[in-house]
1. Considering 257, 250, which residue is over 20 Å from the mean Cα position of the chain (by Cα), in a loop (DSSP other than H, G, I, E, B), within 30 Å of residue 151 (Cβ to Cβ) and modelled with pLDDT under 65?
2. If the requirement is being at pLDDT 80 or above, in a helix (DSSP H, G or I), under 30 Å from residue 50 (Cα atoms) and not small (Gly, Ala, Ser), which of these qualifies: 123, 150?
3. At negative phi and modelled with pLDDT of 90 or more, is that true of residue 179?
4. Any chance you could count how many residues in region 57-79 are over 14 Å from residue 110 (Cα atoms) and modelled with pLDDT of 80 or more?
5. Cβ-Cβ distance below 7 Å, separation of 6 or more or different chains: which pairs start in region 175-202 with a residue that is under 21 Å from residue 30 (Cβ atoms) and surrounded by 14 or more Cβ atoms within 10 Å (Cβ to Cβ) and end on one that is at pLDDT 90 or above and among the acidic types (Asp, Glu)?
6. Please tell me if residue 236 is at pLDDT 80 or above and either within 20 Å of the chain's Cα centre (by Cα) or surrounded by fewer than 18 Cβ atoms within 10 Å (Cβ to Cβ) (or both).
7. Scan region 44-65 and tell me whether some residue there is among the small types (Gly, Ala, Ser) and within 25 Å of residue 151 (Cα to Cα).
8. Among the numbered conditions (1) at pLDDT 80 or above; (2) surrounded by 11 or more Cβ atoms within 10 Å (Cβ to Cβ), tell me where residue 84 comes up short.
Amino acid sequence: MRVVNHSMVCATMALAAWSGSAAPQSTAASPEEVVRQFFKAEDESRWLDAARLLDLNRFDAIRRVTVKGVRAFRPSRRTPEEIVQWDPDMPRAVAEYQANQANKAMKGFDVLAFQFARVPSADSLEALPLVEAAARWLEAKGPKWQEERDRKQAAVRPAIKCPGVDSLPAAFTQFKLPAAVILGATGGDSIRFVVVGTSLGQRQNIAETDLERAPNALTLVKVDGAWRIVPTHDMVGSTGLSGNTTFSVACEVRKPAEDSGRKK
């Protein structure tokens, strides 16, 4: 015969109920906090962590459109005749050279690299888990990937010597990226907008926000009770700039003054 100690059972049940009520209830992060976490993950190149803060269901539509577009993409070839039409005075030999250079550059052109980092084909993109595809999409918007992508494309282009700059990576190390600063957020039960400005100084220093540039906004929606960022092609990143921001290095060549060799 089994003997049950009812007093012990009741005491155990009461303790469990008290422990459950006393445990702190987790609350969803505010839209501003989600955006701060998103920017921090981008700054630290934690692309998977950043991707988990997106509304992945909406991102799936972006992936599907990209896969369809890449499969339909057919690079066009330039001919000397087309170039001569643009400039009738151009010698035939020059037109042939320019057409050859343009076709050589297009041969190594990776259209998918402008949207997704380290994805070799449309089939590979379609096979990726959704969160990993979103991570590659975010990575492609960052300056580090754009630098790597441009360096690969520069390998098939004529070298351009720029005085004072030995290499493209050296130029980027001399350039200080701007930073995003959260200016405020709207209210709402199911949708919020977090307003983001661009700061040329410290991220916390709102006084140094670039007031000559209109602020951007990130849209956040509730997904399973948590705020998530709506992915868009022009969404703002941790630099405070929207879209796939391209950073270029200009090489200025100054002509000597006409009277520099004249004697006074």
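1. On the way: 257 fails: within 30 Å of residue 151 (Cβ to Cβ).
Of 257, 250, the one residue that is over 20 Å from the mean Cα position of the chain (by Cα), in a loop (DSSP other than H, G, I, E, B), within 30 Å of residue 151 (Cβ to Cβ) and modelled with pLDDT under 65 is 250.
2. It is 123.
3. For residue 179, the condition - at negative phi and modelled with pLDDT of 90 or more - is not met.
4. 11
5. Taking only residues 6 or more apart or on different chains, the pairs are 182/32; 185/32; 194/32.
6. Spelling it out, residue 236 is indeed at pLDDT 80 or above and either within 20 Å of the chain's Cα centre (by Cα) or surrounded by fewer than 18 Cβ atoms within 10 Å (Cβ to Cβ) (or both).
7. yes
8. Condition not satisfied by residue 84: (1).
The values are calculated or read from the model by the stated rules, or taken from the named source; none is laboratory data. What you are looking at is a predicted structure, and each value in this text was computed from that prediction instead of being measured. Reconstructed Cβ throughout: ideal geometry from the backbone, glycine too, with neighbour counts over all protein chains shown.
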